[in-house]
Ligand SMILES: C[S@@+](CC[C@H](N)C(=O)[O-])C[C@H]1O[C@@H](n2cnc3c(N)ncnc32)[C@H](O)[C@@H]1O
């Protein structure tokens, strides 16, 4: 009986966390697995680079990219920022079993209130952001990054960043991948 009640409570908490826009204004939709190889290529993994996934979901992209970096013996750092505590929990469990966990950081927080400079290692000068958030949120988050960090590239899944149109390169997978260097 206690087990059933506990399961019901947990299910209810999960439903609430995924339903209330105040807790997660951009709903959770994972990146299409078929596009992962193209996305990882678009991230342009290299040494002394930090890749930040803003709104990382269950970590599908960041963990796959970290696996590739590990195989290629790169020292690339990966940061996954997420606001939904259930997804944070899932990422932390996956983290425990990841071969490249020493280079992965999982951050529970709001991408609009984040102090990005605090997340970065000073000698890691190359910055790449992966974004799969709605177009209006994209336009809100970009000026925030520009203001705080001078040089970075962006890989945006599904949605273009209108304000960076002049730098745009489009990769066509199952869905479009927009790259800004
Ligand atoms: C469309 S999903 C993408 C998930 C993941 N990046 C992927 O590619 O599979 C958007 C994610 O952004 C998260 N999110 C929404 N608003 C956020 C915010 N203000 N701060 C941090 N994460 C946020 C949601 O919880 C959701 O997991």
Task: Filter pass, residue 102 being free of Cβ contacts under 8 Å to residues at least 24 places away in the same chain, surrounded by fewer than 15 Cβ atoms within 10 Å (Cβ to Cβ) and under 25 Å from residue 68 (Cβ atoms) - done: yes
Task: Only one of 95, 70 that is at pLDDT 90 or above and more than 18 Å from residue 46 (Cα to Cα) - done: 95
Open item on the list: If a residue must be surrounded by 13 or more Cβ atoms within 10 Å (Cβ to Cβ) and over 24 Å from residue 159 (Cβ atoms), how many such residues does the stretch 107-133 contain?
Closed with: 3
Open item on the list: Quick check on residue 92: is it away from the ligand (no atom under 14 Å from the Cβ), loosely packed, with under 14 Cβ neighbours inside 10 Å and assigned to a helix (DSSP H, G or I)?
Closed with: yes
Task: residue 164 within 15 Å of the chain's Cα centre (by Cα) and surrounded by 15 or more Cβ atoms within 10 Å (Cβ to Cβ) - done: no
Task: Residues satisfying the stated conditions in the stretch 69-84, i.e. part of a helix (DSSP H, G or I) and either closer than 25 Å to residue 108 by Cβ or touching a strand residue (DSSP E or B) at 6+ places or on another chain (Cβ under 7 Å) (or both) - done: 69, 70
Task: Any pair with Cβ under 9 angstrom, 6 or more apart, that starts in the stretch 109-122 at a residue that is farther than 11 Å from residue 79 by Cβ and ends at one that is more than 8 Å from the ligand (Cβ to nearest atom) and assigned to a loop (DSSP other than H, G, I, E, B) - done: 117/149
Task: Residue list for the stretch 35-63, filter: in a helix (DSSP H, G or I) and within 10 Å of the ligand (Cβ to nearest atom) - done: 35, 36, 39, 60, 61, 62
Open item on the list: Which residue is surrounded by the most Cβ atoms within 10 Å (Cβ to Cβ), if the candidates are limited to the stretch 134-143 and must be out of contact with any strand residue (DSSP E or B) (no Cβ under 7 Å at 6 or more places or on another chain) and either within 19 Å of residue 177 (Cβ to Cβ) or modelled with pLDDT under 75 (or both)?
Closed with: 142
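The values are calculated or read from the model by the stated rules, or taken from the named source; none is laboratory data. Since we're looking at a predicted model, the values are computed, not measured. Methodologically, a virtual Cβ is constructed for each residue, glycine included, from the backbone with ideal geometry; neighbour enumeration extends over all protein chains shown.
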